[in-house]
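Report on the following structure.
The values are calculated or read from the model by the stated rules, or taken from the named source; none is laboratory data. On a predicted model such as this, the values are computed, not experimentally measured, just so you know. We place every Cβ from the backbone using ideal geometry, glycine too, and count neighbours over all the protein chains shown. Just the protein is used for accessible areas: all its heavy atoms, side chains included, with ligands, DNA and RNA removed. Shrake-Rupley method; radii C 1.70, N 1.55, O 1.52, S 1.80 Å.
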Amino acid sequence: MANNLQTALFDRGLIGFLRILLRGAGQVMFQGNAWTGLFFIVGIFWGAYMSDNLNVAWGALLGLMSSTATGYLLSLPEKDGHDGLWGFNGILVGCAFPTFMSNTFWMWIALIFCAAMTTWVRSALNNMMRTYKVNSFTFPFVLSTWIFLLAAHLMPALDLSNISAPELPSHITSGGYLYFHDLVQYILRGISQVFLIDSWVTGMLFLIGLALASSWAALWAIVGSALSIFTAAALGASAEHISHGLYSFSAVLTAIAIATVFYKPSLRSAIWALLGIIATVIVQAAMNVMMMPVGIVTLTAPFCITTWLFLMPLLKLDKEEPDHSDWHGKGSKSRVQKS
Amino acid sequence: MANNLQTALFDRGLIGFLRILLRGAGQVMFQGNAWTGLFFIVGIFWGAYMSDNLNVAWGALLGLMSSTATGYLLSLPEKDGHDGLWGFNGILVGCAFPTFMSNTFWMWIALIFCAAMTTWVRSALNNMMRTYKVNSFTFPFVLSTWIFLLAAHLMPALDLSNISAPELPSHITSGGYLYFHDLVQYILRGISQVFLIDSWVTGMLFLIGLALASSWAALWAIVGSALSIFTAAALGASAEHISHGLYSFSAVLTAIAIATVFYKPSLRSAIWALLGIIATVIVQAAMNVMMMPVGIVTLTAPFCITTWLFLMPLLKLDKEEPDHSDWHGKGSKSRVQKS
Amino acid sequence: MANNLQTALFDRGLIGFLRILLRGAGQVMFQGNAWTGLFFIVGIFWGAYMSDNLNVAWGALLGLMSSTATGYLLSLPEKDGHDGLWGFNGILVGCAFPTFMSNTFWMWIALIFCAAMTTWVRSALNNMMRTYKVNSFTFPFVLSTWIFLLAAHLMPALDLSNISAPELPSHITSGGYLYFHDLVQYILRGISQVFLIDSWVTGMLFLIGLALASSWAALWAIVGSALSIFTAAALGASAEHISHGLYSFSAVLTAIAIATVFYKPSLRSAIWALLGIIATVIVQAAMNVMMMPVGIVTLTAPFCITTWLFLMPLLKLDKEEPDHSDWHGKGSKSRVQKS
């Protein structure tokens, strides 16, 4: 099995392997494009540096490598690996662990194990979900990371330094203010939070990366972030949370997925995506409440759940027969620039 | 897409459309019969009026229309719509929202959105569950409403006025008394709680409606309610909860489903239904405990879960090959009077 | 339907029926071997006697009989029954109820009902999971018992005497010491906890029983228990819990399942099993935290969930096409001695 990894490294050369890693970063937002991935990683480094926790960026690289290498070690179908589909769950694990846990030896071991695990959990879930013609999206990252975050409450070697203690949900008064002239910052932060980064500069870098692969995707990332802010504000959600993008990151992914990846951009798919964005905000709030008594966070689960609920009806919004179990191979419907 | 709705309205005329709406009400208890639906709606109005919250009844009508119209707008297969299968989740959403939330502008917007959502969530879940040869029942209502009730804890525009605050479950002493001569009232209230109404008169109206379509269904509604009361009482559950029908509404639906809809009435299916009723009561108590820390209610989930567990073994209790993925079309096995 | 049971009893004679029951006990650890089952039951009696709660052993026998008889009553495919696959969930229910609940009349009624229920819940879940080519394992026991334990919080007739009250999880300091010279005891207790027994003698008896059917299975039970102890200790989990086998019982089952039942023993499957054991420990801690606010225990759910995640990728680790939906019939891959 280890042969596969060696072959991959030597056949394609270091550059070829690097490109696969970068595509893995890009696939977090459905773009199998190495340049997109490069901008994403630069954005992560910037955000990690600014928040004085560079471990988030190193973790991202380590997670990306661990999950990608695992695909080769397990001899999974190489097509997936080549398109970066082994990497996107791992890089998110790598961002999450140093964000929520202290910098201990066992945190790094756990990060590598958890990132590797996402690769076979993805195989497991896709095998299951193919039956319903949908894909597991980032849920392998969500499920694997939830397991480790929950376990950390009972395992002091994984020190949860930066996550709220379990508590019962209570009616929260909205409080705080949203300033209209900061709206652009809120929108960009919402996009940067897809990788758990809270920085408008990073959001800008992510947008540039997206636009290199697909301008539709970049546009819908903005629409998703903006509409999620309005929806959350209208319903009176915490201004603090809204302004830091915590109601937006899942909505950004829902928007890209529905409007540009699984349906061709059109009036119909646009309306469907707008409804999906609104629903994602409600699901986000709902899951925030559900997670409180056990002291973990939703990660991108609201995106996964909402998008499943919008894709599984298999609505025929364009001329193709709906089958949403995959997005690479047939090429993203908005024609991603491959690189 | 909007064309479908217009065609439906004009082709069938207002009366035709009204009949579809009424069947939608009837399908909450598996009866695609407009007269049944009419009695159900009269029952809802009576109960809402008596509890001084007519918004529950207006909400029911609004939810029914929203979810039915959504089926046309999404161009879903018309057969389902014609049989009232787009309406029954929506009318339940419409009963639930004004029951648990204050009368605010956003509550009504959320009600319309959530009711509409049940229609495509139903498509999504049925697409998934067809693989196991079962149907999603009222779970689209349960899932969508749970999402909004949970979210409301963090969204003050949806004010949860009438739902217990989250708390840790604790061993509850039974307390209170059940009076034997009130048994008929308890049974009828258990039936009325299917629509979240707490009124024995409403229960009576529901029974009449049921009997118009199927006397077996009416009989089993009574059996389900009565046996659930005895089971809960024997196990020492709260007399307060029992007497207001809170252990019965799911059991009523389980009884009708197993004994009359998915199996033909017979000795075997009767025994199976009796076991199902008892199991539903245990699942009801279990889910009450599970929901406490997050401050929501079970809705009809105990019915859905128990009935899945009793139908998915695909036991052959009569001569037909068991496939429980649908109940209209082949006609309810106890021969519903269509109207 | 009752005919089936009578035929079974008379055709095979009492000895034949006893053998089926004993195989049911053995199948808890995947061994359809009556001698294995006999040693398991002796082990249960020893453990129950030593902890002064013989009801656990009587419950085990009662649960075993109830769930096995139910298979005949429901006319399920006899092949399963003959191999003991109707019994293993029931015997676990029978161990769990007297362990967690007081000795009341309704506890025994509930035990019989719950054990019977596992038989059709198994049919239901296997029908569903066959689609993904995996088996429900002990999850019918887990799900049915969870329902009753949760419900018991609201039903005083089922008195939860021996289970922690619901509480919010908090960061627990490890505390306590693990003594190296007690390691063998810890390992054996981990194996005995598969049946909720806390006794190293019982663990020894279980090992002998396992070895009679498959020495590979016995070996991997030891490896699973030992590695789970090291993993939990390295991550700083409570020494108290570790020493009583609470991090090991699920890992023991994962080890046997992956290394000997669903894959042939080999270097590849051994590595896969070792990873599975480590993952099971993390999932165990995670689920402990999840269950706290609702006051129930994980039972063997961590084994089920982890093993699904390791089997559902359908990795081809030996020459056979991976299909993990069943383990009897084709015979366990490590060639169980049948009896």
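Here the Karplus relation 6.51 cos²θ - 1.76 cosθ + 1.60, evaluated at θ = phi - 60°, turns the backbone of region C:228-242 into coupling constants of 5, 5, 5, 4, 5, 5, 4, 8, x, 5, 4, 4, 3, 5, 4 Hz, with x for every Gly and Pro. Inter-copy label distances for A:Tyr177: 6.1, 6.1 nm (label point placed 7 Å from Cα along Cα→Cβ; shortest first). The smallest convex shape that holds all Cα atoms of the protein assembly as shown, its convex hull, gives 155 Å³ per residue. Chain A holds its axis-closest Cβ, relative to the rotation onto B, at the residue and whole-Å distance A:Pro293, 2.
Across region B:63-187, C-alpha contacts under 8 Å between residues 6 or more apart give a mean separation that, scaled by the residue count, equals a relative contact order of 26 percent.
When +1 charges are put on Lys and Arg Cβ atoms and -1 charges on Asp and Glu Cβ atoms, the dipole computed for region C:104-259 relative to its Cα centre reaches about 560 debye. Mean partner shielding of peptide C:283-292, defined as the number of other chain Cβ atoms within 10 Å of each residue Cβ, is 6. Computed on chain A, with alpha-carbon pairs under 8 angstrom and 6+ residues apart, the relative contact order is 19 percent. Here the 3J(HN,Hα) profile of region A:197-211, calculated from phi with Karplus coefficients 6.51, -1.76 and 1.60 at θ = phi - 60°, is 9, 10, 7, 5, 5, 4, x, 5, 4, 4, 4, 4, x, 4, 4 Hz, Gly and Pro shown as x. Assuming charge only on the beta carbon of Lys and Arg (+1) and of Asp and Glu (-1), the dipole of chain A about its Cα centre is about 880 debye to the nearest 20. From the Cα gyration tensor of region C:219-339, with a ≥ b ≥ c the square roots of its eigenvalues, which class applies: rounded if a/c is under 1.5, or else prolate if a/b is larger than b/c, or else oblate? Judged from the Cα gyration tensor, region C:219-339 comes out prolate (a/c at least 1.5, a/b above b/c).
Look at the stretch B:72-79: the mean tally of other chain Cβ atoms within 10 Å of its residues' Cβ atoms is 1.
Only the Cβ atoms of Lys and Arg (+1) and of Asp and Glu (-1) were treated as charged; on that basis the dipole of the protein assembly as shown about its Cα centre amounts to roughly 2520 debye.
Report note on the peptides B:216-223, C:251-258, A:74-81: ranked by the mean count of other C-beta atoms within 10 Å, highest first, their order is C:251-258, B:216-223, A:74-81. Using a cut-off of 28 Å between Cα atoms, the listed pairs A:Lys316/C:Lys133; A:Lys316/B:Lys319; B:Lys264/C:Lys133; A:Lys319/C:Lys316; A:Lys316/B:Lys79; A:Lys264/C:Lys316 include A:Lys316/C:Lys133; A:Lys316/B:Lys319; B:Lys264/C:Lys133; A:Lys319/C:Lys316; A:Lys264/C:Lys316 as exceeding that distance.
A:Lys316 label point (Cα plus 7 Å toward Cβ) to equivalent points in the other copies: 3.6, 3.6 nm, shortest first. Measure out, as a whole number of angstrom, how far apart the alpha-carbon centroids of region A:203-238 and region C:272-295 sit. Comparing the Cα centres of region A:203-238 and region C:272-295, I get a distance of 36 Å. For region A:53-159, with all protein chains in place and a probe radius of 1.4 Å, 71% of the accessible heavy-atom surface sits on carbon or sulfur.
For region C:46-132, just say rounded, prolate or oblate: build the C-alpha gyration tensor, square-root its eigenvalues into a ≥ b ≥ c, call rounded for a/c under 1.5, and beyond that prolate if a/b exceeds b/c, oblate if not. Prolate shape, in that a/c is at least 1.5 and a/b is the bigger ratio.
State whether region A:191-241 is rounded, prolate or oblate according to the following rule on the C-alpha gyration tensor (a ≥ b ≥ c being the square roots of its eigenvalues): a/c under 1.5 gives rounded; otherwise a/b larger than b/c gives prolate, and the remaining case gives oblate. Note, shape of region A:191-241 comes out oblate. Residue-normalised convex hull volume from the C-alpha trace of chain A: 126 Å³ per residue. When the helices of chain A are scored as -39500 (n - 2.57) per DSSP H run of n ≥ 4 and the total is divided over every residue, the value at 222 nm lands at -20500 deg cm²/dmol.
Backbone phi angles across region C:116-131, fed through the Karplus curve with coefficients 6.51, -1.76 and 1.60 (θ = phi - 60°), yield HN-Hα couplings of 4, 4, 4, 5, 7, 5, 4, 4, 4, 5, 5, 4, 6, 7, 4, 4 Hz in residue order; Gly and Pro are listed as x.
Using a 7 Å projection from Cα along Cα-to-Cβ, the label point at B:Ser75 is separated from the same position in the remaining copies by 4.6, 4.6 nm, smallest value first. Take each residue in B:178-184, count the other chain C-beta atoms within 10 Å of its C-beta, and the mean is 0.
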